[in-house]
Amino acid sequence: MSNKKIVFSGVQPSGNLHLGNYLGALKNFVSLQKEMECIYCVVDLHAITVFQDPKLLSNNILETTASFLASGLDPTKSIIFNQSSVSGHAELAWILNCVSRVGWLNRMTQFKDKAGSDKEKASVGLYIYPNLMAADILLYKATHVPVGADQKQHLELSRDIAQKFNNDFKCPGFFPLPDPLILKNISRVMSLRDGTKKMSKSEESDYSRINLKDSPDDIIKKIKKAKSDSEPIPENLKSLEKKPEALNILNIYSEISKNNLESVLKEMAGKEYSYVKKKLSDLLINEICPIGEKIKKLMNDRAYLMEILKKGNEKAKIKSDENLKNIREKVGLI
Ligand code: AQP
């Protein structure tokens with residue numbers, strides 16, 4: 001077994017990237033590329049588990065690539081490519097479909113959330129999405145996976161699948177068991193309209209999220225309208241237990257201002273939420289708007305983005321072909 005640390009993670013090109021994707025994933029991706037070998041993927045095969053308009057999908061693949069670059073990912077340090085361009089992802093997913101158990105998938109809460117009340121009408125792809133995610137990670141024998149807390153359960157499943165493969169095919173340690181890298185402070189950014197739901201690309205109301213491409217005016221408007229609390233900011237965390245929207249605003253402020261929540265409460269106790277909202281808008285405009293501008297600029301040079309994906313694909317393919325050859329051997333495929 002090798003001790004090499006390999007990072008893998010992905011983002012779906014299913015719409016506008018938002019503050020949740022940025023704080024829960026992208027920011028972490030950028031800091032990791034300084035320390036480890038990193039592979040970052042635009043997971044387009046995951047996106048189509050829910051219907052995507054083909055024209056919008058092609059555009060979103062490029063825009064997610066642009067968002068990676070604009071957030072600070074460096075294609076000379078990290079491998080950046082789109083999932084469907086490396087066929088090994090789909091091939092390994094099939095092998096792992098045969099290792100993973102129906103009972104395991106039945107426990108996945110994201111399927112229950114996304115499929116909604118009529119599960120019979122959800123795509124089979126949405127149901128087996130976690131097996132494809134395991135394939136993404138194991139295809140590169142990744143050891144570390146930076147994700148938001150919403151993906152923790154899927155990552156635990158990837159570990160179970162890796163372990164079962166190693167046992168079934170009597171190859172202990174063949175697949176490393178991938179570790180999640182989840183930020184402690186703000187692992188889940190919640191919707192600005194409903195503090196019990198995560199901020200999400202597919203949520204209908206644009207007021208529920210801050211998009212990376214939002215203008216300063218959009219940010220000011222959305223934060224102003226964000227649900228909080230009519231009572232002043234309390235001194236302690238306990239008083240926020242039943243106030244998820246207020247807690248969300250303070251959590252986002254804590255993350256963006258790089259102060260822990262306790263010291264934010266100390267600083268803000270007794271003030272109205274309009275006070276923290278004003279400070280938060282200023283900080284968000286400073287951090288997010290330059291990224292949005294870069295995304296827009298990069299989207300004017302599609303040939304450049306295509307070239308980034310092509311080069312990333314070539315590098316990813318070398319690694320995945322080599323691993324897939326060994327995986328096929330273990331399974332007995334000729
Ligand atoms: N609200 C969030 N807070 C923290 N992290 C988040 N992530 C997503 N939303 C939040 C993290 O971003 C990475 C990429 O996510 P994704 O786009 O592949 O899928 P998702 O989690 O399903 O994101 P969305 O926005 O909710 O997309 P839709 O609406 O299309 O399903 C992951 O690491 C995720 O944890």
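General remarks:
- Here segment 204-216 is the region considered, the condition is being within 11 Å of the ligand (Cβ to nearest atom) and under 21 Å from LEU250 (Cβ atoms), and the residue that is surrounded by the most Cβ atoms within 10 Å (Cβ to Cβ) is ILE210.
- Selection within segment 70-80 - more than 15 Å from the chain's Cα centre (by Cα) and surrounded by 20 or more Cβ atoms within 10 Å (Cβ to Cβ): ALA70, SER78, ILE79
Yes/no matrix, rows are residues, columns are (1) within 13 Å of the ligand (Cβ to nearest atom); (2) under 30 Å from ILE219 (Cα atoms); (3) part of a loop (DSSP other than H, G, I, E, B):
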| position | (1), (2), (3) |
| --- | --- |
| ASP113 | yes, yes, no |
| ASN131 | no, no, no |
| GLN151 | yes, yes, no |
| GLN163 | no, no, no |
| ASN166 | no, no, no |
| PHE174 | no, no, yes |
| LYS184 | yes, yes, yes |
| ASP194 | yes, yes, yes |
| LYS201 | yes, yes, yes |
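- Residues being near the ligand (Cβ under 10 Å from one of its atoms), part of a helix (DSSP H, G or I) and open to solvent by less than 10 Å² (accessible area, probe 1.4 Å) - total across segment 25-68: 5
- Close pairs (7 angstrom Cβ cut-off, 6 or more residues apart or separate chains): open to solvent by less than 60 Å² (accessible area, probe 1.4 Å) in segment 168-182, of a type in the set (Ser, Thr, Tyr) anywhere: PRO176/THR143; PRO178/THR143; PRO178/SER158
- Among the residues of segment 55-84, those identified as of a type outside the set (Gly, Ala, Ser) and over 22 Å from ASN211 (Cβ atoms) are ASP74, PRO75, THR76, LYS77, ILE79, PHE81, GLN83.
- Residue, farthest from the ligand (Cβ to nearest atom), within segment 133-147, restricted to residues that are of a type outside the set (A, V, I, L, M) and open to solvent by less than 10 Å² (accessible area, probe 1.4 Å): TYR140
- Within segment 116-129, the set of residues being open to solvent by 20 Å² or more (accessible area, probe 1.4 Å) and assigned to a helix (DSSP H, G or I) comprises LYS119, GLU120, LYS121, VAL124, GLY125, TYR127, ILE128.
- Per the listing LYS225, LYS213, the residue uniquely within 24 Å of ILE295 (Cβ to Cβ), in contact (Cβ under 8 Å) with a residue 24 or more places away in the chain and under 19 Å from the mean Cα position of the chain (by Cα) is LYS213.
- Failed item, numbered, when PHE81 is tested on (1) within 12 Å of the ligand (Cβ to nearest atom); (2) closer than 19 Å to LEU309 by Cβ: (1)
- None of SER228, SER239, SER158 is in the same structural domain as GLN12 (by TED's automatic domain parsing), hydroxyl-bearing (Ser, Thr, Tyr) and surrounded by 16 or more Cβ atoms within 10 Å (Cβ to Cβ) except SER158.
- Looking only at residues in segment 85-111 that are aliphatic (A, V, I, L, M) and assigned to a helix (DSSP H, G or I), the one that is surrounded by the most Cβ atoms within 10 Å (Cβ to Cβ) is LEU96.
- Sole exception among (1) in contact with a helix residue (DSSP H, G or I) (Cβ under 8 Å, 6 or more places away or on another chain); (2) touching a residue at least 60 places away in the same chain (Cβ under 8 Å); (3) among the hydroxyl-bearing types (Ser, Thr, Tyr) for THR143, by number: (1)
Listed here are the residues, each with its yes/no results for (1) under 10 Å from the mean Cα position of the chain (by Cα); (2) hydrophobic (A, V, I, L, M, F, W, C); (3) at pLDDT 95 or above.
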position	(1), (2), (3)
SER2	no, no, no
LYS5	no, no, no
PRO13	no, no, yes
ASN16	no, no, no
GLN52	no, no, yes
ALA66	no, yes, yes
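- Failed criterion for ILE249 (all others in (1) more than 23 Å from VAL30 (Cβ to Cβ); (2) outside any helix (DSSP H, G or I) hold): (2)
- In the set (1) within 11 Å of the ligand (Cβ to nearest atom); (2) open to solvent by 10 Å² or more (accessible area, probe 1.4 Å); (3) not in a strand (DSSP E or B), the condition left unmet by GLY10 is number (3).
The values are calculated or read from the model by the stated rules, or taken from the named source; none is laboratory data. Being a predicted model, the structure only gives us computed values, none of them experimental. Cβ atoms come from the backbone with ideal geometry, glycine included; neighbour counts cover every protein chain shown. SASA here: full protein model, heavy atoms, side chains in, ligands and nucleic acids out. Shrake-Rupley method; radii C 1.70, N 1.55, O 1.52, S 1.80 Å.
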